[in-house]
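A.B. asks: Can you keep this structure in mind? I'll have questions shortly.
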Amino acid sequence: MKLERTLVLIKPDGVKRGLIGPIMERYERAGLKVIAMKMVTASRDQAMSHYPVNEEHMQLMGEKSLKTYVEYGLDPIEYIGTNNPLEIGKMIREWNSEYLSSGPVVAIVLEGIHAISNVRLLTGNTLPTFALPGTIRGDFSIDSPALANSRKRAVINLIHASGEPEEAEREINHWFTSDEIHTYKRSDEDVMF
Ligand code: ADP
Ligand code: MG
């Protein structure tokens with residue numbers, strides 16, 4: 001049985017737009033159990049260390065972003081002073097940290113069967129402009145990398161959700177202490193298990 005825990009952050013745009021309730025509803029009604037939740041205004045350092053220094057990940061992010069510049073006929077050197085994917089990836093990590101610390105976030109730990117992949121499915125594509133209707137990002141957001149990159153900022157996409165088990169474990173420990181995580185039975189577990 002693939003009982004997993006995953007970390008969700010409702011990013012500052014979700015909080016400021018009054019979307020905490022609608023977002024929580026999507027996860028709760030799908031059967032995911034809220035086992036920890038709090039509002040945090042993250043310092044720049046706390047936001048920075050949420051995004052690990054992972055050169056491979058930054059390089060990939062930079063390459064994707066570089067493609068966006070080319071696709072939209074923007075000269076990356078003119079815009080951000082470099083066309084080196086790793087440098088761009090590092091820049092996006094800075095933009096992400098700036099975004100995450102720009103206001104309060106709601107940090108949540110969700111538990112459930114295949115919680116990590118289920119939460120990603122419910123959340124939708126990272127880039128709101130490609131997120132399908134019915135997903136949270138598809139229904140509530142519209143940002144595109146072309147707009148984000150031309151403004152030298154992160155893609156604004158309401159939510160962070162862990163991508164894989166090691167990431168989930170690291171991120172849960174980053175935002176919560178063990179005594180902030182709770183154990184209880186949801187009534188629908190009687191039907192499920
Ligand atoms: P996810 O949040 O779906 O796990 P990633 O881990 O790939 O996505 O990226 C982390 C965050 O970086 C995204 O949630 C988004 O806010 C931002 N981001 C992703 N791609 C870009 C990009 N090309 N330009 C600017 N910001 C980006
Ligand atoms: Mg990610």
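The values are calculated or read from the model by the stated rules, or taken from the named source; none is laboratory data. If you're wondering where the values come from, they're calculated on a predicted model, not measured in any experiment. In this analysis, Cβ positions are derived from the backbone assuming ideal geometry, glycine residues included, and neighbour counts consider all displayed protein chains. Areas reflect the complete protein model, heavy atoms only, side chains present, ligands, DNA and RNA absent. Shrake-Rupley method; radii C 1.70, N 1.55, O 1.52, S 1.80 Å.
A.B. asks: What list of ³J(HN,Hα) values in whole Hz, one per residue of the range 111-116 in order, does the Karplus curve 6.51 cos²θ - 1.76 cosθ + 1.60 (θ = phi - 60°) give from phi, with Gly and Pro shown as x?
C.D. replies: 10, x, 5, 6, 4, 5
A.B. asks: Too long at a 31 Å Cα-Cα cut-off: which of LYS38/LYS67; LYS90/LYS185; LYS2/LYS38; LYS2/LYS67; LYS2/LYS152; LYS2/LYS90? Mind showing how you got there, number by number?
C.D. replies: Values: LYS38/LYS67 37 Å; LYS90/LYS185 42 Å; LYS2/LYS38 26 Å; LYS2/LYS67 36 Å; LYS2/LYS152 39 Å; LYS2/LYS90 34 Å.
Flagged as over cut-off: LYS38/LYS67; LYS90/LYS185; LYS2/LYS67; LYS2/LYS152; LYS2/LYS90.
A.B. asks: Given contacts defined as C-alpha pairs under 8 Å and at least six residues apart, what's the relative contact order of the chain, whole-number percent?
C.D. replies: Values: 309 pairs, mean separation 67.9, N = 193.
Across the chain, relative contact order equals 35 percent.
A.B. asks: Mind listing the long-range amide H neighbours of VAL105? Cut-off is under 5 Å, sequence gap 5 or more, other chains count too, H placed in the peptide plane at 1.01 Å from N.
C.D. replies: Distant-sequence amide H within range of VAL105: VAL40, THR41, ALA42.
A.B. asks: Per residue, what accessible area does the chain have, given a 1.4 Å probe and all protein chains present, in Å²?
C.D. replies: Details: 10190 Å² over 193 residues.
Accessible area per residue, the chain: 53 Å².
A.B. asks: Now for a different question. Let's see if you can work this out: charge +1 on each Lys and Arg Cβ, -1 on each Asp and Glu Cβ, no other charges. What is the dipole magnitude of the chain about its Cα centre, in debye to the nearest 20?
C.D. replies: Working: 22 positive and 27 negative charges, 101 e Å.
Charge dipole of the chain: 480 debye, to the nearest 20.
A.B. asks: If Lys and Arg each add +1 and Asp and Glu each add -1, what is the summed charge of the other residues whose beta carbon sits under 12 Å from the beta carbon of ILE80? Please list the in-between numbers first.
C.D. replies: On the way: positive: LYS90, ARG151, LYS152, ARG153; negative: ASP75, GLU78, GLU87, GLU94.
Cβ neighbours under 12 Å give a net charge of 0.
A.B. asks: Shifting gears a bit: Given PRO52, ILE35, SER65, which one lies farthest toward the positive end of the charge dipole of the range 29-70, if we put +1 on the Cβ of every Lys and Arg and -1 on the Cβ of every Asp and Glu?
C.D. replies: Positive-end residue among those listed: ILE35.
A.B. asks: Related question: If you put +1 on each Lys and Arg Cβ and -1 on each Asp and Glu Cβ, how big is the dipole of the range 97-154 around its Cα centre, in Debye rounded to 20?
C.D. replies: On the way: 5 positive and 4 negative charges, 46 e Å.
Computed about the Cα centre, the dipole is about 220 debye.
A.B. asks: What is the local net charge at ILE116, summed over the other residues whose Cβ is closer than 15 Å to its Cβ (Lys, Arg +1; Asp, Glu -1)? Could the numbers behind the result be given before it?
C.D. replies: Numbers: positive: LYS2, ARG5, LYS33, ARG120, ARG170; negative: GLU4, GLU111, GLU164, GLU166, GLU167, GLU169, GLU171.
Once positives and negatives cancel, what remains is -2.
A.B. asks: For ASN173, what charge total do you get from the other residues with a beta carbon under 14 Å from its beta carbon, if Lys and Arg give +1 and Asp and Glu give -1?
C.D. replies: Numbers: positive: ARG5, ARG170; negative: GLU166, GLU167, GLU169, GLU171, ASP179, GLU180.
Cβ neighbours under 14 Å give a net charge of -4.
A.B. asks: I've got another one for you. How large a share of the accessible area of the chain, in percent, is made up of carbon and sulfur atoms when the probe is 1.4 Å and the other protein chains stay in place? Each step should come with its number before you reach the end.
C.D. replies: Numbers: 5460 of 10190 Å².
Its accessible area is 54 percent carbon and sulfur atoms.
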